[in-house]
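Below you'll find the structure, written out as structure tokens, and then a few comments.
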Amino acid sequence: MHEREFRAFVSVAEIGRMDQAARVLGYSQPAISYQIKCLEQVLGIKLFTRDSTGARLTREGRMVLPSARAVLALIDSMKDVCAPS
């Protein structure tokens with residue numbers, strides 16, 4: 001699992017659309033889809049249901065979201081601590 005996968009997951013969960021999450025993160029939509037797919041493979045679960053209107057969290061995705069946010073908060077905290085003054 002990688003930071004970019006968690007960021008993609010949280011962004012799509014918050015925005016509800018992979019194309020818009022990609023734009024916000026500065027990636028292409030296929031790159032975001034790939035990050036989500038990789039995270040789903042590692043976790044062994046489906047995180048989103050996808051249709052023409054966007055992406056909605058599955059039950060499992062809703063359960064994972066708080067942990068993903070916590071991981072990102074820890075990563076951001078470590079980056080802050082290590083940032084040059």
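Points worth noting:
- Among the residues of segment 18-33, those that are part of a helix (DSSP H, G or I) and either over 20 Å from Val71 (Cα atoms) or open to solvent by less than 50 Å² (accessible area, probe 1.4 Å) (or both) comprise Met18, Asp19, Gln20, Ala21, Ala22, Arg23, Gln29, Pro30, Ala31, Ile32, Ser33.
- Note on segment 48-61: residues that are loosely packed, with under 15 Cβ neighbours inside 10 Å and in a helix (DSSP H, G or I) amount to 1.
- Neighbours by Cβ (under 8 Å, 6+ apart or cross-chain): first from segment 10-27, touching a residue at least 12 places away in the same chain (Cβ under 8 Å); second among the acidic types (Asp, Glu) and surrounded by fewer than 16 Cβ atoms within 10 Å (Cβ to Cβ): Ala21/Glu14
- Residues considered: Val81, Val71, Val64. Of these, the only one that is surrounded by 12 or more Cβ atoms within 10 Å (Cβ to Cβ) and out of contact with any Asp or Glu (no Cβ under 9 Å at 6 or more places or on another chain) is Val64.
- Among the criteria (1) within 13 Å of Phe9 (Cα to Cα); (2) modelled with pLDDT under 95; (3) not small (Gly, Ala, Ser), the one Val81 does not fulfil is (1).
- Against the list (1) outside any loop (DSSP other than H, G, I, E, B); (2) open to solvent by less than 80 Å² (accessible area, probe 1.4 Å), the condition Ile45 fails is (1).
The values are calculated or read from the model by the stated rules, or taken from the named source; none is laboratory data. What you see is a predicted model; the values in this text were computed from it and never measured. Reconstructed Cβ throughout: ideal geometry from the backbone, glycine too, with neighbour counts over all protein chains shown. In case anyone asks, the SASA skips ligands and DNA or RNA and just uses the protein heavy atoms, side chains included. Shrake-Rupley method; radii C 1.70, N 1.55, O 1.52, S 1.80 Å.
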